[in-house]
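Student: Here's a structure for you.
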Amino acid sequence: MDTNKKPHQCPECGLHYEDKAIAKQCEAFCKEHNACSLDITRYSVENKQKPHQV
Ligand SMILES: [Zn+2]
């Protein structure tokens with residue numbers, strides 16, 4: 001069982017996600033489209049750390 005609190009990294013774009021399922025979605029999307037989905041990257045740790053939100 002992998003239940004530690006370390007964020008999961010998408011190996012394609014390098015963004016980190018607290019939710020492993022979302023990280024997997026990102027990876028799948030990145031591989032298929034060669035780009036990130038904004039609907040997915042909005043959940044990334046990097047995005048959450050931004051001081052302002054869209
Ligand atoms: Zn990605």
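Student: When the residues of the range 20-35 are filtered to those that are in contact with a Phe, Trp or Tyr (Cβ under 7 Å, 6 or more places away or on another chain) and of a type outside the set (Gly, Ala, Ser), which remaining residue is farthest from Lys5 (Cα to Cα)?
Tutor: Only one residue fits best here, namely Cys26.
Student: Please find, within the range 1-41, the residue that is modelled with the highest pLDDT out of those that are more than 11 Å from the ligand (Cβ to nearest atom), assigned to a loop (DSSP other than H, G, I, E, B) and surrounded by fewer than 14 Cβ atoms within 10 Å (Cβ to Cβ).
Tutor: In this case the residue turns out to be Asp19.
The values are calculated or read from the model by the stated rules, or taken from the named source; none is laboratory data. What you see is a predicted model; the values in this text were computed from it and never measured. Reconstructed Cβ throughout: ideal geometry from the backbone, glycine too, with neighbour counts over all protein chains shown.
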